[in-house]
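What follows is calculated from the coordinates using simple rules that are stated; it is not laboratory data. Keep in mind it's a predicted model, so treat the numbers as computed, not measured. Please note: Cβ atoms are built from the backbone with ideal geometry, for glycine as well, and neighbour counts cover all protein chains shown.
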Amino acid sequence: MKIKETPLKDCYIIEPTVFEDERGYFYEKFNEQKFEELTGLNGHFVQDNISKSFYGVLRGLHLQKGEHAQAKLVSCLEGKVFDVAVDLRKDSPTFGKWFGVELTPENKLQLYVPRGFGHGFSVLSETAIFSYKCDNFYDKESEGSVIWNDKDLNIDWKLPKDAIILSEKDQNLPTFAEMNF
């Protein structure tokens, strides 16, 4: 497993070591001990989630706040997504900055999104199956969100605006400036 730093503090790309031969391939998707050794961060996850989405679907930007804050380890099991993390930790040197990476089954990359970050993704393929490992349990009352097209964040979701499909909830989120940190 290789850990690559992103421009955001505590946010990492995880690249597995893949062993391939005529039968196919094998790789260790995650190793808590190695992750903690390489990053110094806790890598204990308690909940796994899977979502399936269609081309143009944009999910985000979401987070859990307070005692229910969640770090996530995300990957794409089928298709292609553009995954985005936004540092919403007011005391962080990268507060208000975002980072995006394409995740596919072919590149086998994962993104570690720390607690206090907003997270979202857009689907760039016909369909995508997306996996989230979370280090804390979901709590509806602890939801936080920032609108996907916030002018201060200025995220390029890699989709034409007229192709973007949003849930009703994601259409009516606060801006970055309105967010209660």
Practice task
Among G60, G40, G118, determine the one that fluctuates most according to a GNM of the chain built with springs between C-alpha atoms less than 10 Å apart.
Solution key: G40
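Calculate the FRET efficiency for S92 and K151 from the Cβ-Cβ distance with a Förster distance of 22 Å, rounded to the nearest 0.05.
0.55
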Exercise for the section: Multiply the residue separation of F26 and K161 by 0.36 nm, subtract the distance between their alpha-carbon atoms, and state the gained length in nm to one decimal. Expected result: 44.8 nm
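Could you give the size of the charge dipole of the chain about its Cα centre, using +1 on the Cβ of each K and R and -1 on the Cβ of each D and E, expressed in debye and rounded to the nearest 20? If you can, show how the numbers build up before the last one.
Working: 22 positive and 30 negative charges, 48 e Å.
In total the dipole reaches around 240 debye.
Once the Cβ-Cβ distance between D139 and Q33 is put in as r, and R0 is 35 Å, what FRET efficiency do you end up with, to the nearest 0.05?
0.80
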Exercise for the section: Could you tell me which GluC sites (Glu not before Pro) in the range 1-98 are loop residues by DSSP with no more than 16 other beta carbons within 10 angstrom of their beta carbon? Expected result: E22, E28
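Fully extended, how many nm does the chain gain between Q171 and K4 (0.36 nm per residue separation, minus their Cα-Cα distance)?
Details: separation 167, 0.36 × 167 = 60.12 nm, distance 3.29 nm.
Gain in length upon complete extension: 56.8 nm.
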Exercise for the section: Quote the FRET efficiency, to the nearest 0.05, computed for T17 versus V46 with a Förster distance R0 of 35 Å and r equal to the Cβ-Cβ distance. Expected result: 0.85
Problem - Total formal charge among the other residues, if their Cβ is under 13 angstrom from that of E141, Lys/Arg +1 and Asp/Glu -1 - result: -1
Exercise for the section: Check the straight Cα-Cα distances from K34 and name the lysines below 26 Å, setting aside those fewer than 8 residues away within the same chain. Expected result: K2, K4, K9, K72, K108, K133
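In terms of the ratio Rg/(2.2 N^0.38 Å) built on C-alpha atoms, what value belongs to the range 45-114?
Numbers: Rg = 13.0 Å, N = 70, 2.2 N^0.38 = 11.1 Å.
Rg over 2.2 N^0.38 Å, computed on Cα atoms: 1.18.
How large is the Rg to Rh ratio of the range 44-171 when both quantities use alpha carbon positions and Rh follows Kirkwood? Don't skip to the end; give the middle numbers.
Values: Rg = 13.7 Å, Rh = 14.7 Å.
Reported Rg/Rh (Cα atoms, Kirkwood Rh): 0.94.
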